[in-house]
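Everything below concerns the one structure shown next.
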Ligand code: CMC
């Protein structure tokens with residue numbers, strides 16, 4: 001794997017030889033692990049040029065707009081697969097055959113309910129709490145309920161925890177929503193598909209059970225597939241880092257949820273709708289585009305740009321198609337906010353500022369619009385991202401634990417005070 005070598009010459013020192021590692025696809029990587037012996041470290045805030053781990057799960061080529069899970073293009077998974085099949089693929093490395101799929105779906109369904117006592121947790125939260133705040137709490141609390149599978153060195157325990165997380169996340173997400181609405185929480189229905197069951201728990205009530213629209217269930221399933229994994233983003237890296245200390249899987253996923261919440265990451269789908277509210281009317285678009293371009297203004301067009309995709313976000317292409325399907329099915333033609341979103345997309349795609357910087361609409365731009373059209377409140381958007389991404393997080397956690405790993409411990413460039421002595425309080429200025 002490491003035939004080539006790089007030489008690093010630090011003035012006045014003998015050259016340091018660094019192995020070059022080659023992956024199956026993608027650029028070669030300079031292995032700097034031996035650099036510490038020379039008394040130097042690398043400095044790379046934001047991990048702009050640093051691979052934090054080796055992984056076989058997901059590959060992204062940001063320049064070409066390619067996203068592969070275990071080698072399969074995201075477009076094919078979105079068209080020809082479903083979310084639970086994608087979960088199986090991410091967790092196990094291969095798509096299931098018919099028997100494996102039936103077994104996996106049945107195992108997941110066996111775990112859809114949460115411990116009845118977990119419900120009492122919700123009462124400790126204000127009803128107007130942000131759903132992500134409640135999610136951080138209740139997902140972390142799972143480790144207090146399922147401690148029969150917390151031995152991280154036991155592969156079977158890791159497997160059970162992974163399935164429990166995939167199975168229980170829709171239930172918890174819907175419980176969070178129902179709690180915020182003051183409505184009774186709905187138990188899962190195992191005769192429904194994963195996406196149908198989620199919509200059932202979200203929108204049905206004990207006094208009225210309505211059938212779930214197949215188009216909306218398909219759109220929901222697509223949103224889940226398209227958010228399932230995205231290699232070493234901020235939340236996945238957080239899960240790996242938390243896991244590297246030996247923390248239990250539920251605690252690690254709670255850490256991932258916290259990292260996802262920020263508007264530069266998973267919070268962007270919510271931020272898109274907040275931004276559309278702020279813009280208010282098509283006539284204000286030019287002002288906000290000007291704000292987005294102004295270096296002295298912190299305003300950014302939410303749902304545009306990506307750290308890795310400097311071409312189209314392939315998830316956004318599929319999502320746009322689903323967006324059109326959902327808006328068509330629901331007959332939403334005259335929603336001013338959606339009209340505004342479409343106009344904004346049009347303007348940004350033709351504006352030289354956005355073209356020069358390759359700032360295309362990302363997955364969150366369209367998913368926000370679809371979720372709104374389905375009737376999901378804005379504050380739940382990032383919860384849905386967390387629900388879908390749980391399988392990616394737990395697949396990375398499992399991958400890390402099944403091989404040799406070290407606790408994640410970055411170094412720093414210290415620019416604070418050098419050593420000094422305490423001056424007694426009476427003598428301090
Ligand atoms: N609106 C206006 N200008 C932007 C935007 C934007 N949304 N995004 C980047 N830029 C500009 C930025 O000011 C910079 O300009 P210049 O070269 O003149 O200094 C240039 O484009 C490069 O941007 P950057 O900040 O260096 O890019 P980054 O890789 O550090 O940031 C990002 C990526 C996603 C954090 C950023 O594009 C952003 O904040 N976008 C809005 C939030 C968003 O939609 N996030 C969801 C990402 S997709 C979901 C996920 O995977 O988490």
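Within region 57-67, the residues that satisfy the criterion of being touching a helix residue (DSSP H, G or I) at 6+ places or on another chain (Cβ under 7 Å) and either closer than 25 Å to residue 110 by Cα or in a strand (DSSP E or B) (or both) are 66, 67. Among the residues making up region 377-399, those that are over 23 Å from residue 307 (Cβ atoms) and touching a helix residue (DSSP H, G or I) at 6+ places or on another chain (Cβ under 7 Å) are 378, 379, 380, 398. Candidates in region 304-318 are the residues that are buried (at least 19 other Cβ atoms within 10 Å of the Cβ) and away from the ligand (no atom under 11 Å from the Cβ); of these, the one that is nearest to the chain's Cα centre (by Cα) is 314.
For region 88-121, filtering for residues that are within 22 Å of residue 139 (Cβ to Cβ) and either free of Cβ contacts under 8 Å to residues at least 24 places away in the same chain or assigned to a helix (DSSP H, G or I) (or both) leaves 13.
Residue-wise test of (1) free of Cβ contacts under 8 Å to residues at least 40 places away in the same chain; (2) within 30 Å of residue 193 (Cβ to Cβ).
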{"residue": "3", "(1), (2)": "yes, no"}
{"residue": "8", "(1), (2)": "yes, no"}
{"residue": "52", "(1), (2)": "no, no"}
{"residue": "55", "(1), (2)": "no, yes"}
{"residue": "72", "(1), (2)": "yes, yes"}
{"residue": "78", "(1), (2)": "no, yes"}
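Inspect all residues belonging to region 397-418 and state whether any of them is surrounded by fewer than 23 Cβ atoms within 10 Å (Cβ to Cβ) and within 16 Å of the ligand (Cβ to nearest atom).
Checking region 397-418: not a single residue is surrounded by fewer than 23 Cβ atoms within 10 Å (Cβ to Cβ) and within 16 Å of the ligand (Cβ to nearest atom).
The residues of region 153-179 that are out of contact with any helix residue (DSSP H, G or I) (no Cβ under 6 Å at 6 or more places or on another chain) and farther than 14 Å from residue 390 by Cβ, listed by number, are 153, 154, 155, 156, 159, 175, 178.
Filtered by the rule that a residue be part of a loop (DSSP other than H, G, I, E, B) and more than 16 Å from the ligand (Cβ to nearest atom), region 227-269 gives 245, 246, 247, 248.
Tally time: how many residues in region 270-290 are within 13 Å of the ligand (Cβ to nearest atom) and more than 13 Å from residue 303 (Cβ to Cβ)? Selection size over region 270-290: 2. Out of 186, 181, 202, 175, which single residue is away from the ligand (no atom under 16 Å from the Cβ) and touching a strand residue (DSSP E or B) at 6+ places or on another chain (Cβ under 9 Å)? The match here is 186.
Taken together, 344, 349, 301, 327 contain a single residue that is touching a residue at least 24 places away in the same chain (Cβ under 8 Å) and away from the ligand (no atom under 12 Å from the Cβ), which is 327. The residues listed here are 344, 276, 260, 349; of these, the one that is more than 24 Å from residue 173 (Cβ to Cβ), crowded, with 22+ Cβ neighbours inside 10 Å and in contact with a helix residue (DSSP H, G or I) (Cβ under 9 Å, 6 or more places away or on another chain) is 344.
Is at least one residue of region 353-364 part of a helix (DSSP H, G or I), at pLDDT 85 or above, touching a helix residue (DSSP H, G or I) at 6+ places or on another chain (Cβ under 9 Å) and more than 10 Å from the ligand (Cβ to nearest atom)? Yes, region 353-364 contains a residue that is part of a helix (DSSP H, G or I), at pLDDT 85 or above, touching a helix residue (DSSP H, G or I) at 6+ places or on another chain (Cβ under 9 Å) and more than 10 Å from the ligand (Cβ to nearest atom).
The values are calculated or read from the model by the stated rules, or taken from the named source; none is laboratory data. Only a predicted model underlies this, so the values are computations on that prediction, with no experimental measurement involved. No Cβ is skipped: glycine too gets one built from the backbone with ideal geometry, and neighbour counts run over all protein chains shown.
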